[in-house]
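Each value in this text was obtained by applying a stated rule to the coordinates, not by laboratory testing. In this text, all values refer to a predicted model and were calculated from it rather than measured experimentally. Virtual Cβ from ideal backbone geometry, glycine too; neighbours counted across all protein chains shown.
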Amino acid sequence: MTTVGLLHPGHSAEDDYPRIETLLTGVNVPIVHTGPGEDAHRVDALLDRGSAERLAAGTEELRLSGAESVVWASTSGSFVHGWDGAQEQIRTLAVTAGLPASSTSFGFVHAAREVGAGRVAVAAAYPEDVTRLFVRFLGAAGIEVTGARSSGVATAAEAAAWGPERVLELVRAADRPDAEAVLVPGTALHTVACLPELEAAVGKPVLTANQVTVWEGLRLAERRGAWSADLGTLFARKGE
């Protein structure tokens, strides 16, 4: 059994993670909720959400769960700090937890490289200013964003209320012919159940926040053999 511990802000779409557990053999994904602070897709609120103090509060519970790695399960609560700030965030988390650590934002970077996508489209529920920060973060990682679509959703609670048809509409609208994958940031969106449908709609890999969060934790735990035909291209091949 491989245990990937997640620090999760609030209570939006975390039911995606038990679904992933059912689709992967021998994977346990305990969740510790950090408390979201103010539920707002605003830069000041997002900076507070990913503060070292908030993340540190949940690390002891994750250690007791037997976690082999820890992932800050927030995209915007990471990339909003910028590339260097997000790096410092996970370095501090690793020291505090005493475990290999990462965040959903870096999960997107590593997952895009895994599927061979150097050019991507971004399908974000965020307001435009927050989406631009994600595009800048990807650019710092050497990933070219050929197009980005923002839906202007103001809170995680609003994003969590979206059904699969709205996620599909967003992905289709964001896709570009020269994009090698479509990235869907935001752990508040329910995406796991519709990953095969999303990829079929655009004919290329679709990477979503909750999917890459677990994949990143498994990568850190050196568990590369977890796979499922129902979790998109990222999990579709048996690992070493």
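Among Trp72, Trp227, Trp215, Trp162, a tally of other beta-carbon atoms within 10 Å of each Cβ gives an order, fewest to most, of Trp227, Trp162, Trp215, Trp72. Put a dot 7 Å past the Cα of Ala154, heading toward its Cβ, do the same for Ser65, and the two dots end up 3.2 nm apart. Modelled label positions at Val43 and Thr92, each set 7 Å beyond Cα in the direction of Cβ, lie 1.9 nm from each other. Calculated mean residue ellipticity at 222 nm for the chain: -12500 deg cm²/dmol, from DSSP H runs with n ≥ 4 weighted as -39500 (n - 2.57), summed, divided by the residue count and rounded to 500. Direction-averaged projected area, Cα convex hull, the chain: 10.7 nm², rounded to one decimal. Structure remark: mean-square fluctuation, Gaussian network model of the chain, C-alpha springs under 10 Å; the largest value among Ala148, Ala123, Ala73 belongs to Ala148. Calculated translational diffusion coefficient of segment 137-213 (37 °C, 0.692 mPa s; Stokes-Einstein with Kirkwood radius over alpha-carbon pairs) equals 254 µm²/s.
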